[in-house]
Amino acid sequence: MISQYIVNGLLTGGLYACLAVGFSLVWGVLNVVNMLHGSMVVLGAYFCLYGVQQLGLPLYAVAPVACVILFVFGYAIQRGLLNRVITQPILITLTLTFGLDLIVNNLIIHVFSATPQSLVTNFGTIEFAGVRVPVVRVGGMLVAVVLTLVLYWLLRHSKIGRAIIAVRMDRHAAALMGIRIPHIYALTFGIGAFMAGAAGCAMALIYPVTPMMSGVFLGKAFVICVLGGLGSVPGAIIGGLVLGVVEGLGTLTLGQQWATSVGFIMMMAVIVLFPTGIMGKKGYE
Amino acid sequence: MTKATTPVLELKSVSRLFEGIRAVDNVSLKLYAGEIVGLIGPNGAGKTTLVNLISGFLSVSSGDVIFDGASITHKKPHVIAQSGIARTFQIVQPFAKMTVLENVMAGAIYAGHRGMVQARDKAIECLEFTKLAHLKDMPASELALANRKRLELAKSLAMNPRVLMLDEVNAGLNSSEIDEAIRMIRSIAATGITIVVIEHLMRVVTALAERTVVLHHGAVASEGPTDEVMRDPKVIEAYLGNKFAQRFAETSGAPVARPA
Amino acid sequence: MIIDRAFALKIAFGVLLFACGAGLSAVLDNYYLQVGTTLAMLCALCWAWNIVGGYMGYPALCMISFFGIGAYAGGIAQAAGVSESLAWLIAAGVGALFALLLGVPLLRLKGHYFAVGTIASVEVLREVANNWEQLTGGAVGLNLPIHAGSPDEVGRFFYLAMLGLAFLAFLITALVDRTKFGFGLRCIRQNEQAASMVGIDVFKYKVGAFVLTGVLGAATGAIYASMVAFLEPKDAFNLIMTIEIPVMVMLGGMGTIFGPLIGGVSYVILKEFVWAYFINWHSGILGLIVVTVIYFLPVGVLGLTWRDIFKKLGASKSTRPATSDIARSTS
Amino acid sequence: MKTTTSIIAALSFAALSAAPVLAQETIKLGAPLALTGPLADAGAKSKQGYDICVSAVNDKGGVDVGGKKMKLELVEYDYQSETNRAVQIVQRLINVDKVPFLLSPYGSGDTKATAVVAERYGVPMVAAAAATKSVFDQKFQNLFGVLFPNDMITEAEVAYYKKHVPSVKRVAVLALNSLFPKAIAGEMVKSATGAGLDVVFNTTYSPDTSDFSNVLTQIKGLNPDWIYATGYTQDLILIRRQMADLGLEVKVLTMTAGPSYPEFKENVKSLAENVTTNSWWHQNANYSDNYLFGSSLKYNEAFNAKFKRDATYLEAAATAACQTLAMAIEEAKSTSADAVRKVLHEKTFNTFYGPIHYGQLGQNEVNAALVMQIQNDKLLVLAPENLKQGELQIGVPKK
């Protein structure tokens, strides 16, 4: 039975990782806690739902378009709004994204309504050594993890990726080396939004989506980001999987009613016990 | 100024390690009331680290710091500041959005142990001394560099210090500003405050310090009356490297470190 | 404490305002008393937050943790038979203790980590309240003894109680504004290292401010609990409010005596207005208000000068942050 | 002073105060509604229920108060799903709008919080969406609840399954940690234990739960015959899907109140088959109503004509809450609170919703619990016997 719990945890964790990676990247590189992230995930989910259910297009065609729309949306938000206040105290950026979240979420409710919606698919389940694994979840998780890994590779090996990493390490030096910081910021935010869109599409396959879920998604992203380290892509994967498994074990030992709090308690413990970062990395500020 | 027999501040074999590197290596020093001591050394010699250790911003790895007969080795910075050790920062750190007067008041209140009203009077006094009184209502962030340096001085002065450590308080100033600063520092010392001048500018050190300590690779390379220290070949070597030391010896006949 | 003319005038104005508020209780009908009570409650919370958030400059997002802890502490005490006024005192004490317990670990953190830690406290506490049934009644809620008396008496009583607390918060703010303690908080906001260099016990001051905020927040919660006589976790630990309070203070001006009042009142008016005319869009429009506040009033109504407005207009032309700004933000 | 007051009042609540000045001849019913916020969906449904009652009463000329016809008027405000706000609005309704009667906000928690105010002022308040006994345990004289207590529902259900599926022995209960679901789950455990069933699992889940695979794995290990789950519709959808994912099979799967809503079927498709639910009302349980609509079916027709969909128990209860008030006023021949309160406590109202008797405790005591099941995409009444539309299908589809 315990193996089933671990598998459940890993499957959920893979989705969590995809959910958090964009959030983490934005936090790490821009030093912005993006309260809008949850709504961007929900937006991605609704774009997919709309494309598949209303326009009758196949998911594999709709999902990339949804991600690209979100990328453009994210780039525009950062370039047009956030860049102007990026040097302000963090309360400002945090509240600003919170305000944007209220706006976007309200728009989503208006356009897509508050009724739960989801893509109903039936790909069946695989059973292996007594452990049941629904195919759709494996698919969702694989897509999420593969995308995250692709992002990781791009950050390491593409010119823009290296510029993003340079900015994350030292904005001042990066600016002196001729990197266009505002553009890089906007790109990073765009990538964060892109990943949020991808996570949203995966969510639409698995969860009945409502606009109200944005808060839950945001909460998970917070926890994972702190667990895995700011701006760290592999950290997001590890953090996501850890959270998935810990929530599962929390259910088993403490009861389901504590399952979501376990993550928050763990996060508070981590920031208190490792004030210089769990990976020993400096700069919790 | 007669030197008291007991030092105000004494360092006993103070060391500080950074990831295995000895940034400050077994430094012992005695400072007496009212004297001006120069602390010099090439970049990375550990001068600022030493100041940070004394003022409690960094903790000492081994050794002991004695102030006024009591150990302050592992005391917190604010306790050390309150007990009478003031310092300025190499890169000035004013309370940027507060006025000049408020900045100096901050020094007078907490380390100077004053109420708000007395602190204001003291602060104005210090501002007059440092010739900043006319700028007292300006936000600190809008001051020019020379005035910011003076503000640091005024703030430290308001703390009623017994030991004042000035970390490159003259860097970036022009010649007449430096002359002004030298005059101020001298008159501060005349009130009985022990001053440690951390400087790159030899001219300031020779003009101010009776005694100079040279740090090199975190350790004391030389110590003594300033003019003697300046002639010490070890010092010139530490500062300028071998080649320069030789050239100095060739050109001037006597190895004297001139103001750079 | 430096008392100059401007300050004396401010205090006199404040006292007059509160006196008028108290006088109004004689003529207002019950509904407006209720509105007044809510306003006083929000202003008390704003003043409380302003100590940590405004004067000290820490992005504390746990105002509702204090509020909820106070509500439950007072509620549980009252349900156990303790008298109302004693329950409020107990709640304030519990608030202080909780602020201490939360502050000691969290105040070592800076920036986002502090913000995230404080916001997580709201989530955790709500779940604790939800699950610790023996103590809090869990999701089923907690019944408090209902304050006896005619509706008019009760309405006036809670209005005056909340107003009194807001007045206390106002006086504390005035003190903080003018004393060594508050001066130290302002220094900490500017530069913690320099603050400790001038002899400020930074950590003690930070914890002290946090506790002060906690006490006021918890007392507010306790009065609220007695007033509604029924507590639910989702009501006591309302996540939106924990962000709304800072927005209100920002709107009025952080780190000022009257900022919380102006911000609280104008935010409530704005909210009522939006809510009445744009029911279906109200949260979106509130978001728009938040965004507008941040763009146009980053120093609040009280911090606004004409020079700032012109500066703002000039600055908004270039969207690119200057390298020097970026360097400043990293240092 | 007086002018200052009104200026401040006008300033801060300009918009609110814009409510029209009313003619003397109307009876105002105050209704705090959750039109926005998390309860917006339910709030909108309540509003539709009230609206159809008010328009139906007014269409027949109004309420006959001792020979004088008076029209009903709904005075409504959005309380944004926030308790504090609901309390404030009830204050406003009583003091500013001077409503003589109140309809309660949605849900047990908000009803309870506002009932304190209604009690203080002695204004009768009828609750359309509070079934939890703890709401009524404060012995308030002015609070009345249309929904009969949760335990009547659970008792009826347990009795029904015990009779029709005697092999059901082991019950697992999973409820959202919130006032109503938790309360009904508690009653379910009591009823099941009382009937000699074995409650092998009983836990709550937190409102932010995003995954049920672990708790369902736990349940699967206990091998129950009957799973009872209650919570938000989206949670129930996810639970149903994850049950299929994990291959969790049971004889009976009961969910409250998800299957009553169309979105449940839309989001689980074929997995909705054979899911049972319980309900306070369904149009197919056809009661006759001499006062307003004629019968339950006719009520649903009227509702359908107006809102283009079927009514659920939520709207019906809202309508019934309003209707009993009108009937009580007519019976009392007066709009005085005391007279109407007395009638509300004593009379049995025969409505399309079924008979309603508030009694001294204030909560409807007439048990008309329905057991229902989704069969071939339709929600059928299984019990009580006289309303039966189909036979229980045992077992739920695997995928």
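The values are calculated or read from the model by the stated rules, or taken from the named source; none is laboratory data. Bear in mind that the values here come from a model prediction, so they are computed numbers and not experimental data. In this analysis, Cβ positions are derived from the backbone assuming ideal geometry, glycine residues included, and neighbour counts consider all displayed protein chains. Note: areas computed on protein heavy atoms with side chains; ligands, DNA, RNA excluded. Shrake-Rupley method; radii C 1.70, N 1.55, O 1.52, S 1.80 Å.
Among the numbered conditions (1) surrounded by fewer than 23 Cβ atoms within 10 Å (Cβ to Cβ); (2) modelled with pLDDT under 85; (3) not basic (Lys, Arg), the only one that residue C:286 does not meet is (1). One residue alone among D:151, D:137, D:110 is away from chain C (no Cβ under 14 Å) and either within 14 Å of the chain's Cα centre (by Cα) or on the phi < 0 side of the Ramachandran plot (or both), and that residue is D:151. Check the range D:171-178 and report whether any residue there is β-branched (Val, Ile, Thr), in the same structural domain as residue D:100 (by TED's automatic domain parsing) and at negative phi. Looking for residues that are β-branched (Val, Ile, Thr), in the same structural domain as residue D:100 (by TED's automatic domain parsing) and at negative phi, one finds none in the range D:171-178, hence no.
Yes or no: residue C:203 within 17 Å of the chain's Cα centre (by Cα) and either open to solvent by 10 Å² or more (accessible area, probe 1.4 Å) or not charged (D, E, K, R) (or both)? Considered against the rule, which asks whether it is within 17 Å of the chain's Cα centre (by Cα) and either open to solvent by 10 Å² or more (accessible area, probe 1.4 Å) or not charged (D, E, K, R) (or both), residue C:203 comes out as no. Among the residues of the range A:58-91, those identified as at the interface with another protein chain (Cβ under 7 Å from one of its Cβ atoms) and open to solvent by less than 10 Å² (accessible area, probe 1.4 Å) are A:83, A:85. Residues that are open to solvent by 30 Å² or more (accessible area, probe 1.4 Å) and hydroxyl-bearing (Ser, Thr, Tyr) were ranked within the range B:46-69; the one that is farthest from residue B:14 (Cα to Cα) is B:48.
Checked against the criterion of being within 8 Å of chain A (Cβ to nearest Cβ), of a type in the set (Asp, Glu) and open to solvent by 20 Å² or more (accessible area, probe 1.4 Å), the candidates D:198, D:208 yield just one match: D:208. Within the range C:187-196, identify whether any single residue is over 30 Å from residue C:29 (Cα atoms), within 10 Å of another protein chain (Cβ to nearest Cβ), open to solvent by 10 Å² or more (accessible area, probe 1.4 Å) and small (Gly, Ala, Ser), and answer yes or no. Yes: the range C:187-196 contains one or more residues that are over 30 Å from residue C:29 (Cα atoms), within 10 Å of another protein chain (Cβ to nearest Cβ), open to solvent by 10 Å² or more (accessible area, probe 1.4 Å) and small (Gly, Ala, Ser).
Which one is farthest from the chain's Cα centre (by Cα), of the residues in the range B:44-73 that are in contact (Cβ under 8 Å) with a residue 60 or more places away in the chain, assigned to a loop (DSSP other than H, G, I, E, B) and more than 18 Å from residue B:221 (Cβ to Cβ)? The qualifying residue farthest from the chain's Cα centre (by Cα) is B:69. Taking the range B:113-126, which residues are open to solvent by less than 10 Å² (accessible area, probe 1.4 Å) and either in contact with an Asp or Glu (Cβ under 6 Å, 6 or more places away or on another chain) or within 11 Å of another protein chain (Cβ to nearest Cβ) (or both)? Selection gives B:119 alone.
Return a yes/no flag: does the range A:164-179 have any residue that is within 14 Å of chain D (Cβ to nearest Cβ) and touching a Gly at 6+ places or on another chain (Cβ under 6 Å). There is no residue in the range A:164-179 that is within 14 Å of chain D (Cβ to nearest Cβ) and touching a Gly at 6+ places or on another chain (Cβ under 6 Å).
Looking at C:53, C:70, which is the one that is open to solvent by less than 10 Å² (accessible area, probe 1.4 Å) and modelled with pLDDT of 95 or more?
C:70 is the lone residue from the list that is open to solvent by less than 10 Å² (accessible area, probe 1.4 Å) and modelled with pLDDT of 95 or more.
Remark: pairs (first residue in the range D:238-250, more than 8 Å from chain A (Cβ to nearest Cβ) and within 8 Å of residue D:220 (Cβ to Cβ); second residue open to solvent by less than 20 Å² (accessible area, probe 1.4 Å) and β-branched (Val, Ile, Thr); Cβ separation under 9 Å; 6+ apart in sequence or on different chains) = D:248/D:217; D:248/D:219; D:248/D:227. Among the residues examined, residue C:292 qualifies as part of a helix (DSSP H, G or I) and of a type in the set (S, T, N, Q). Of all residues in the range D:113-133, those satisfying the criterion of being under 15 Å from the mean Cα position of the chain (by Cα) and open to solvent by 10 Å² or more (accessible area, probe 1.4 Å) are D:129, D:133.
For (1) within 19 Å of the chain's Cα centre (by Cα); (2) at pLDDT 90 or above; (3) within 30 Å of residue C:255 (Cα to Cα), each residue gets a yes or a no:
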residue: A:19; (1), (2), (3): yes, no, no
residue: A:22; (1), (2), (3): yes, no, no
residue: A:60; (1), (2), (3): no, no, no
residue: A:69; (1), (2), (3): yes, yes, no
residue: A:74; (1), (2), (3): yes, yes, no
residue: A:88; (1), (2), (3): no, no, yes
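The residues of the range B:70-92 that are at pLDDT below 85, open to solvent by 40 Å² or more (accessible area, probe 1.4 Å) and either at the interface with another protein chain (Cβ under 9 Å from one of its Cβ atoms) or farther than 23 Å from residue B:166 by Cβ (or both) amount to a single one, B:91.
The set of residues from the range D:33-50 being more than 14 Å from chain A (Cβ to nearest Cβ) and within 17 Å of residue D:313 (Cβ to Cβ) comprises D:46, D:47, D:48, D:49, D:50. So is residue C:247 away from chain B (no Cβ under 14 Å) and surrounded by fewer than 24 Cβ atoms within 10 Å (Cβ to Cβ) or not? Spelling it out, residue C:247 is indeed away from chain B (no Cβ under 14 Å) and surrounded by fewer than 24 Cβ atoms within 10 Å (Cβ to Cβ). Given the criteria within 14 Å of the chain's Cα centre (by Cα) and either within 12 Å of another protein chain (Cβ to nearest Cβ) or open to solvent by 10 Å² or more (accessible area, probe 1.4 Å) (or both), does residue C:209 qualify? It is false that residue C:209 is within 14 Å of the chain's Cα centre (by Cα) and either within 12 Å of another protein chain (Cβ to nearest Cβ) or open to solvent by 10 Å² or more (accessible area, probe 1.4 Å) (or both).
Among B:213, B:235, which is the only one that is closer than 21 Å to residue B:52 by Cβ and of a type in the set (A, V, I, L, M, F, W, C)?
Answer to the check: B:213.
Confirm whether residue D:228 is modelled with pLDDT of 85 or more, farther than 22 Å from residue D:71 by Cβ and away from chain A (no Cβ under 11 Å). Spelling it out, residue D:228 is indeed modelled with pLDDT of 85 or more, farther than 22 Å from residue D:71 by Cβ and away from chain A (no Cβ under 11 Å).
Checked across the range A:106-127, the condition of being closer than 22 Å to residue C:119 by Cβ and within 14 Å of another protein chain (Cβ to nearest Cβ) holds for at least one residue. Of the residues making up the range C:158-182, those that are surrounded by fewer than 24 Cβ atoms within 10 Å (Cβ to Cβ) and among the aromatic types (Phe, Trp, Tyr) are C:158, C:167, C:170, C:181.
Just to be sure before I move on: is residue A:203 surrounded by fewer than 24 Cβ atoms within 10 Å (Cβ to Cβ), in contact (Cβ under 8 Å) with a residue 24 or more places away in the chain, within 14 Å of chain D (Cβ to nearest Cβ) and not β-branched (Val, Ile, Thr) in the structure I sent? The answer is no for residue A:203. I want to confirm something. Restricting to the range C:254-266 and keeping residues that are surrounded by fewer than 24 Cβ atoms within 10 Å (Cβ to Cβ) and not β-branched (Val, Ile, Thr), which single residue is farthest from residue D:177 (Cα to Cα)? Across the range C:254-266, the extreme among qualifying residues is C:258. Here the condition is being open to solvent by 10 Å² or more (accessible area, probe 1.4 Å) and under 12 Å from the mean Cα position of the chain (by Cα); of A:262, A:216, A:233, A:245, it holds for A:216 alone.
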